[in-house]
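The values are calculated or read from the model by the stated rules, or taken from the named source; none is laboratory data. Predicted model, so just to flag it, every value in this text is computed and none were measured. When we count neighbours, we look across all protein chains shown, and the Cβ atoms used for this are built from the backbone with ideal geometry, even at glycine.
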Amino acid sequence: MLIEIEDKIVSSDLFTEKFVCDLTACKGACCIEGDAGAPLKMEEIDKLEEIFEEVKPYMNEEGVQTVEKSGVFYMDLDNEPVTTLVSSGACAFANKDEKGTLYCSIEKAYLDQKIDFQKPISCALFPVRVKEYTSFTALNYEQIDLCKPACDCGSKLNVPLYKFLKKPLQRAFGEDFFTDLEAVHSEINAQENKK
């Protein structure tokens with residue numbers, strides 16, 4: 001089911017699916033899996049180029065070399081800009097901690113207050129994918145096997161996907177939009193309770 005909120009078309013999965021990332025289970029596999037890098041907005045490309053020197057110390061050697069050679073992005077098969085990948089297919093900005101869990105070098109630099117940019121919004125919103133059309137923006141849940149532990153964790157904790165993504169949704173679309181999502185969720189719950 002699709003729900004219209006202003007100029008957004010939102011999949012009802014955002015309300016019905018439960019989701020909380022479980023990095024101990026998935027080890028950050030979303031930084032590796034997929035057939036392309038993370039989708040980027042044009043202004044994010046400019047930002048990544050601007051902050052690259054500050055992010056470099058958080059990256060692994062191959063990631064640094066790849067970005068220095070090829071840049072922070074490339075155009076995917078749909079002619080959309082995405083983050084550069086290293087030879088293994090991982091995002092060039094992904095690195096591993098001592099436990100073998102992948103993390104985002106950009107976000108690590110942000111958390112250490114070295115930069116003022118958290119990470120690309122497509123990464124922050126994952127597994128929700130945003131597609132811009134001429135007259136509206138679509139928000140869809142991308143259901144993939146690697147996120148099964150997150151679905152299990154979300155079910156145990158009873159956290160709807162949109163609530164787990166509260167901060168990224170607010171960052172992307174504003175607090176009023178998130179308030180509208182909460183109102184829609186309340187309406188869905190009220191209708192379910194009437195059945």
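Summary of values
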| read-out | value |
| --- | --- |
| Strands (runs of 3 or more DSSP E) contained entirely in the range 8-107, each with at least 3 residues that are within 30 Å of Phe178 (Cα to Cα) and touching a residue at least 24 places away in the same chain (Cβ under 8 Å) | 8-11, 81-83, 102-104 |
| Verdict on Ala29 being small (Gly, Ala, Ser), in contact with a Pro (Cβ under 7 Å, 6 or more places away or on another chain) and closer than 29 Å to Pro160 by Cβ | no |
| Residue in the range 129-144 that is touching a residue at least 40 places away in the same chain (Cβ under 8 Å), surrounded by fewer than 21 Cβ atoms within 10 Å (Cβ to Cβ) and within 19 Å of Lys27 (Cβ to Cβ) present | yes |
| Given (1) surrounded by 14 or more Cβ atoms within 10 Å (Cβ to Cβ); (2) under 21 Å from Asp46 (Cα atoms), number of the condition Ser70 does not satisfy | (1) |
| Options Cys123, Cys151; residue that is buried (at least 16 other Cβ atoms within 10 Å of the Cβ) and more than 14 Å from the chain's Cα centre (by Cα) | Cys151 |
| Filter result for Leu23 (under 16 Å from the mean Cα position of the chain (by Cα), surrounded by 14 or more Cβ atoms within 10 Å (Cβ to Cβ), modelled with pLDDT of 90 or more and closer than 17 Å to Ala124 by Cβ) | no |
| Qualifying position, being in contact (Cβ under 8 Å) with a residue 40 or more places away in the chain and more than 17 Å from the chain's Cα centre (by Cα), among Leu181, Leu161 | Leu181 |
